[in-house]
1. When the accessible area of segment 1-132 is computed with all protein chains present and a 1.4 Å probe, what percentage of it is carbon and sulfur?
2. Heavy-atom accessible area per residue, the chain, 1.4 Å probe: how many Å²?
3. Between segment 122-192 and segment 23-100, how far is it from one alpha carbon centroid to the other, in angstrom?
4. About the Cα centre of segment 28-78, what is the dipole size in debye to 20, counting +1 per Lys and Arg Cβ and -1 per Asp and Glu Cβ, all else neutral?
5. Hey, rough spin-label estimate for Thr64 and Ser150, points 7 angstrom out along Cα→Cβ, what's it come to in nanometres?
6. Given +1 on the Cβ of Lys and Arg, -1 on the Cβ of Asp and Glu, and no further charges, what dipole in debye does the chain carry about its Cα centre, rounded to the nearest 20?
7. Does anything in segment 129-143 have its amide N under 14 Å from the 7 Å Cα→Cβ label point of Phe161, and if so which residues?
8. Tell me the label-point distance for the pair Leu125, Asp95, using the 7 Å Cα-to-Cβ offset, in nm and rounded to one decimal.
Amino acid sequence: MPFGVGAQEPEHIQRYDVAIGIRKDGSIAVTERIDYFFSSPRHGIYRNIPVVKTNADGKRFRMTLTDISVADEQGDAYTFTESKDGDTEVLKVGDADKTISGRHRYVLTYTVLGALTYFPGHDELYWNSVGTAWPVSIAESKTTVTLPESVARSDLNAACFVGAEGSTTGKDCTVSFTDTSVTALVSRELGE
């Protein structure tokens, strides 16, 4: 059998897990665990988080991010900066004086004020948990939303959409329920 050099593994996100805790005060606590594979030396990643939402009636609302932190799997802090780009909060994670390659885990935590929408008879969380601004593919993705208290299954509805921003037809995911949480598991790779 001849020996040869194989194709280099492309840069991609190996796994992207999001945990969202809805708090009784209406804020949400978000933890994102991103396992990122760098095929060539880079300084880090950008995470673009939309902070403006438009309701069905066309009203726009600005959400506020607070308590932002970024760490590795051991809890050691990554250097990051925050900036705004229109309706997006941009987190630039990494050290300008250092490059990295291979697999790295990023654990982003933040609180969002104003993410819930209140309607007569129900409340709604409509959240793009992974985002559409990644320049690489995402092999696996899962989002779990934990409620502040038990809710009867008959009073709980959830939908998961996969596709371009604003998509309501791409349903390449499965949703499962417990009395205190909803989990959406994406069933395919998310493309660039």
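1. On the way: 3930 of 7710 Å².
Roughly 51 percent, rounded to a whole number.
2. For the chain, the solvent-accessible area averages 59 Å² per residue.
3. So the separation of the two Cα centres works out to 18 Å.
4. Working: 7 positive and 7 negative charges, 95 e Å.
Result for segment 28-78 is approximately 460 debye, rounded to the nearest 20.
5. Placing both labels 7 Å beyond Cα along the Cβ direction yields 3.5 nm.
6. Details: 19 positive and 27 negative charges, 39 e Å.
With Lys and Arg at +1 and Asp and Glu at -1, about 180 debye.
7. 129-132
8. Those two pseudo-labels are separated by 3.5 nm.
The values are calculated or read from the model by the stated rules, or taken from the named source; none is laboratory data. Everything quoted here is computed from the prediction, not taken from an experiment. Cβ sites come from the backbone with ideal geometry, for glycine too, and all protein chains shown count toward neighbours. Ligands, DNA and RNA are excluded from the accessible area calculation, which covers all protein heavy atoms including side chains. Shrake-Rupley method; radii C 1.70, N 1.55, O 1.52, S 1.80 Å.
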